Ligand code: 5GP
Ligand code: ZN
């Protein structure tokens, strides 16, 4: 994908601060971070979002998230960590090459990953939703 910024980073056409690289994944610092240590984990295969991720990739991604989280904790001693992953513009995705964010958090920092609580959901619609989705 010539116009994908992360594919270009993977191909080393543009620079990034790389924390880890293996055959399938790259772990880099976010260029516009929430704070020190804001990290992105991306598969080298260009896939847009979580729905395109295959099971084998997820099996490799999960331990990489854990390993990276441990190393960030050792290096920074953060108070907390958000692991998040945006899918689609409505969810705040701006780079359409799947990636997970690891966002170190400190008490009192002003990073905001909260949402307003929706108070007007009806019990019936929740029940119907559960019926539809339960597996
Ligand atoms: P999204 O909003 O898609 O979940 O996250 C995309 C992230 O990529 C943003 O946090 C943004 O700061 C980061 N980003 C955008 N362009 C670049 C870049 O050229 N290099 C790096 N390292 N990060 C980038
Ligand atoms: Zn890409």
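Annotations
- Rounded tilt (10° steps) of 55-76 against the dominant C-alpha axis of the chain: 70 degrees
- Exposure proxy ranking for 38, 99, based on other Cβ atoms within 10 angstrom of each Cβ and starting from the fewest, stands as 38, 99.
- In percent, rounded to a whole number, the relative contact order of segment 5-133 is 24, using alpha-carbon pairs under 8 Å and six or more apart.
- Euclidean distance between Cα centres, segment 95-124 to segment 50-82, Å: 17 Å
- Over the chain, DSSP H runs of length four or greater, each weighted -39,500 (n - 2.57), average out per residue to a 222 nm ellipticity of -9000 deg cm²/dmol.
- Prolate/oblate/rounded label for segment 5-98 (Cα gyration tensor, a/c 1.5): rounded
- Tensor-based shape of segment 1-57 (alpha-carbon gyration tensor, a/c under 1.5 rounded, otherwise prolate or oblate): prolate
- Cα shape, segment 47-135, gyration tensor, a/c 1.5 rule: oblate
- Tilt relative to the chain, helix 123-133 - C-alpha long axis, 0 to 90 degrees, to 10: 50 degrees
- FRET efficiency, residue 106 to residue 20 (Cβ-Cβ, R0 25 Å, nearest 0.05): 0.60
- Among 113, 83, 133, the order by Cβ neighbours within 10 angstrom, fewest to most, reads 133, 113, 83.
- For the pair residue 83 and residue 44, the difference between a 0.36 nm per residue extended length and the Cα-Cα distance amounts to 12.1 nm.
Quick note: the coordinates plus some simple rules give every number you see, no bench work behind them. Fair warning: this is a prediction, and the values are worked out from it, not measured in the lab. As a convention, Cβ positions derive from the backbone with ideal geometry for all residues, glycine included, and neighbour counts pool all protein chains shown.
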